[in-house]
Amino acid sequence: MELMFAKPEVETPSGLKASAVSTRAFKGSSFKAILPKLYTSPFEIIFCPDTKQSMYCQILFGLIQRNEVIMIGSIFASTVVRSIKFLENNWKELCSNIKTGQISEWITDSGYRNAASLILKPNPELADLIEDPKTKYIGTVCTGAMLQYTAELEFYCGGLPLVLGFYACSEGAIGINLEPLCKPSDVSYTFLPNMVYYEFLSIKEDCDTDSQNQVQLNLGQCYEVLVTSSMGLYRYKVGDIIKVTGFHNNTPQFQFVGRQNVALGVDMERTSEADILKAVAEAKALLDPLGLILTEYTSYGDTSSTPGHYVIFWEIKPKEGNNNNNNGKELDPKVMEECCSKMEDSLHFTYRMYRKENMIAALEIRVVKQGTFESLLDYFVSKGASLSQYKTPICIKSKEALNILDSRVIAKFFSPRTPTQDN
Ligand code: AMP
């Protein structure tokens, strides 16, 4: 059961057709031929412009064919989490569709209704069985920017392993994971040497790219990836930084470190996506003893006052069995302020120096209502993002997106002290 969402092609000003790589793959004739043999979702539904109807139908088709489902997945973890939440909110209606053999009235697309009529027959036994799935594992990417979904996925998986199969991007299929059952935090990918032609730029300590080409890859070193491909890319910077973790025969293996692009900036200070990922990973550990999980986050450089400061938006939910319903008041301000300080302590030397000299003000965490990041996703999808390839931006640049977050803030916390200098 693979959740797939194609986006319509767009035309560039020069008249070239452009589309998300997943859409191109879904359109291929070989995909159409294997689809009914390997997947639960019918072709029409993958190409539905209405993502809500598509999600509903893909889950319905998965449930109907549940006896054959041994894997549930999507390209990125965010889509898997979204589909689980969708199921959480709609399972009664889905079960009633299965019981009666009638698809809900609000599914209006005639293509789906036809596809559904072929497979949907009244089946009360199945509706009753749905609480006992046979799924053996969840297959999705949850390294890099997707690491933030791991805690929530593990919460929903109830012990099922998370399997991270590959490392791919629109520029090419880059690597595979040779040990699919290892923990997400330990996953290394092995380059696929025959997919594209790779070159690597070494990364200096301060995350600047060394303009000298490095031919040999050294263990423990970080590199930026360049690809030359038969699709027409020439020495193209994918934008990812990887760290070499080993070799499989002579093929390098790597972990994803972050994106090369600068995520945040206030004044002259620059903080990369990798810095934010690391700082959030350290701070969110403080939520664990409170029985809370950080489900999503993003960041923003607020320069509306001087000096500017970094704002990190957090969506938090209680762990199973915890009655803390996160309406903002229950959050312990001491712990939340400590989360702010923890983030500052784990940011890089320049950030901490700027803070000490008051060229950047205290880091702020704004806690948002549950469901906020889903509204953010809806906004980006409405602006043309592909749901299959959607990744929550680590840093918000758009005013509308910022308004979506700001209008749902339930609590604000600031770092109470300047960060420590010694890490
Ligand atoms: P896109 O081309 O929009 O599908 O995005 C591809 C990007 O997603 C890559 O350049 C990486 O930054 C990220 N990505 C893809 N696969 C992985 C992975 N296995 N682990 C971490 N990040 C990944």
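Report Rg/Rh for the range 1-52, rounded to two decimals, where Rg is the Cα radius of gyration and Rh the Kirkwood radius. Can you show the working numbers first?
Values: Rg = 12.1 Å, Rh = 11.9 Å.
Rg divided by Rh gives 1.02.
For the chain, what is the calculated [θ] at 222 nm in deg cm²/dmol (nearest 500), taking -39500 (n - 2.57) for each run of four or more DSSP H residues and dividing by its residue count?
-9500 deg cm²/dmol
Just want the answer: with Cβ charges of +1 for Lys and Arg and -1 for Asp and Glu, which residue in Pro161, Gly172, Phe349 is farthest toward the dipole's positive end in the chain?
Of the listed residues, the answer is Gly172.
Hey, what's the range 1-98 come to in accessible area per residue, 1.4 Å probe, Å²?
Dividing the accessible area of the range 1-98 by its residue count gives 47 Å².
Would you mind telling me the share, in percent, of accessible area of the range 263-414 contributed by carbon and sulfur at probe 1.4 angstrom?
Percent of accessible area from carbon and sulfur atoms in the range 263-414: 50.
On a 0 to 90° scale, report how tilted helix 110-119 is relative to the longest principal axis of the chain, with both axes built from alpha carbons and the result rounded to the nearest 10.
The answer is roughly 70 degrees.
Roll a 1.4 angstrom probe over the protein heavy atoms and tell me the percent of accessible area of the range 115-167 that is carbon or sulfur.
62 percent
Please report the antiparallel percentage of DSSP beta bridges with both residues in the chain, rounded to the nearest 5.
80 percent
In a Debye calculation with equal point scatterers on the alpha-carbon sites of the range 274-417 and no solvent, what is log10 I(q)/I(0) at q = 0.10 Å⁻¹?
Reported log10 I(q)/I(0), two decimals: -0.34.
So, for the range 263-414, what is the accessible surface per residue at a probe of 1.4 Å, expressed in square angstrom? Numbers along the way, then the final one.
Details: 6440 Å² over 152 residues.
Result: 42 Å² of accessible area for each residue.
When all alpha-carbon pairs of the range 10-157 are counted, what percent fall beyond 19 Å?
Cα-Cα pairs of the range 10-157 separated by over 19 Å account for 58 percent.
Per residue, what volume in Å³ does the convex hull of the Cα atoms of the range 270-313 enclose?
Per-residue hull volume (Cα only) is 84 Å³.
At 7 Å along the Cα-to-beta-carbon direction for both Lys383 and Asn403, put a label point, then send me their distance in nm to one decimal.
Once both label points are built, they end up 1.2 nm from each other.
Averaging the inverse of every distinct alpha carbon separation and then flipping it gives the Kirkwood radius. What is it for the chain, in angstrom units?
About 23.3 Å, per the Kirkwood formula over Cα pairs.
In the range 164-259, how does Rg compare with the Kirkwood Rh, expressed as the Rg/Rh ratio over alpha carbon atoms? Each step should come with its number before you reach the end.
Working: Rg = 12.7 Å, Rh = 13.6 Å.
Result for the range 164-259 is an Rg/Rh of 0.94.
I'd like the distance separating the alpha-carbon centroids of the range 10-50 and the range 119-185, in whole Å.
Here the two parts' Cα centres lie 21 Å apart.
Please state the relative contact order of the chain as a whole percent: Cα pairs under 8 Å, 6+ residues apart?
12 percent
Kindly express, to the nearest 10 degrees and within the range 0 to 90, the angle between helix 51-64's C-alpha long axis and the longest C-alpha principal axis of the chain.
It is inclined by approximately 60 degrees.
Tell me the per residue accessible area of the range 100-181 using a 1.4 Å probe; a whole number in Å² is fine.
Accessible surface, normalised per residue, equals 50 Å².
Put a dot 7 Å past each Cα toward the Cβ at Asp128 and Ser29; how far apart are the dots in nm?
Output for this residue pair reads 4.8 nm.
The values are calculated or read from the model by the stated rules, or taken from the named source; none is laboratory data. Bear in mind that the values here come from a model prediction, so they are computed numbers and not experimental data. All Cβ positions, even for glycine, are placed from backbone atoms using ideal geometry, and neighbour counts span all protein chains on display. Remember, those area values only see protein heavy atoms, side chains included, never the ligands or the DNA or RNA. Shrake-Rupley method; radii C 1.70, N 1.55, O 1.52, S 1.80 Å.
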